[in-house]
1. Carbon-plus-sulfur fraction of the accessible area of the range 85-178, 1.4 Å probe, in percent?
2. Could you list, bin by bin from short to long, the percent of Cα-Cα pairs of the range 112-226 in 10 Å steps?
3. Could you tell me which residue out of ASN146, ALA128, MET53 lies farthest along the dipole of the chain toward its positive end? Charges go on the beta carbon: Lys and Arg +1, Asp and Glu -1, centred on the Cα centre.
4. Going by the alpha-carbon gyration tensor, a ≥ b ≥ c the square roots of its eigenvalues, is the chain rounded (a/c under 1.5) or, if a/c is not under 1.5, prolate (a/b greater than b/c) versus oblate?
5. Hey, what number do you get for the chain at 222 nm if only DSSP H runs of n ≥ 4 count, each worth -39500 (n - 2.57), divided across all residues, to the nearest 500?
6. Strictly greater than 22 Å: what percent of every Cα pair in the range 1-94 meets that?
7. In the range 173-226, if the dipole is taken from +1 on Lys/Arg beta carbons and -1 on Asp/Glu beta carbons about the Cα centre, which of LEU181, VAL224, ASN195 is farthest to the positive end?
8. In whole Hz and in residue order, list the ³J(HN,Hα) couplings for the range 192-197 that follow from phi through the Karplus curve 6.51 cos²θ - 1.76 cosθ + 1.60, θ = phi - 60°; x for Gly and Pro.
Amino acid sequence: MLVWERPEPPDRPVPAPLSRERIVRAAIRLADADGLDAVSLRKVAAALDVGPMRLYGYIATKEELLDLMVDAVHEEIRPTGDGWREVLRSLAETTRQAARRHEWLADLIGGRPQLGPNTLAGGEAVLAAMAGVDLATVVPAVAAVNAYVVGAVRREITELRAERASGLDKEQWQATYGPYLTKVFATGRFPALANLVHDGPHLDADQTFRAGLDFVLDGIAARVPG
């Protein structure tokens with residue numbers, strides 16, 4: 001049975017009561033603090049002050065634990081709004097916000113569909129908002145938004161991690177590598193790139209995300225009647 005279907009062990013009168021929710025919340029706290037490398041059944045058990053074997057009555061593998069963690073975070077991703085465009089925008093924005101609160105989420109989204117109840121509830125809200133639109137349009141439209149969000153979120157989280165690892169924020173990094181680019185552009189070999197750097201818009205992370213999302217939503221709107 002999948003973890004979503006498997007009942008939890010009955011309560012026992014022990015000093016440290018357990019539940020899947022307590023286990024998942026402890027794992028999320030570890031991952032929020034130190035990344036996914038800090039998460040294992042043994043480390044979660046230590047955080048809860050119980051023996052590792054007790055966890056196996058609730059969760060069989062680390063993969064199940066990760067699935068439960070992702071679904072728990074999806075409780076924070078609840079698309080809302082009037083009409084499909086607002087709901088898809090809400091899906092994108094709330095996913096990004098959740099990933100900024102839980103950076104490890106960027107490492108786990110984008111693969112096979114998640115099947116937990118919170119994830120399914122979010123998917124139901126999105127599809128209900130697109131009721132009346134042909135499914136031949138709905139399926140690739142939702143996939144396009146999800147693909148954009150996964151790529152944008154992963155890029156943003158990677159940038160944040162690079163800042164921490166290098167000790168250089170965006171402006172400091174640009175100041176460090178600016179002289180190199182100035183010399184390269186002076187050769188005349190990359191005129192389009194030089195024009196972009198000198199004259200192109202310099203958007204912050206929020207503006208970049210929303211501008212790209214608008215391009216995706218505008219493309220969907222061109223395919224949706226009315």
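1. Heavy-atom surface of the range 85-178 belonging to carbon and sulfur, 1.4 Å probe: 59 percent.
2. 10, 28, 29, 18, 13, 2
3. Working it through, the farthest residue towards the positive pole turns out to be MET53.
4. oblate
5. -21000 deg cm²/dmol
6. Beyond 22 Å sits 38 percent of the P(r) for the range 1-94.
7. LEU181
8. Listing the rounded values in order: 5, 5, 4, 5, 4, 5 Hz.
The values are calculated or read from the model by the stated rules, or taken from the named source; none is laboratory data. This structure is a prediction, so every number in the text was calculated from the model and none was measured. All Cβ positions, glycine included, derive from the backbone under ideal geometry; neighbour counts span all protein chains shown. Protein only, heavy atoms only, side chains kept; ligands, DNA and RNA dropped before computing areas. Shrake-Rupley method; radii C 1.70, N 1.55, O 1.52, S 1.80 Å.
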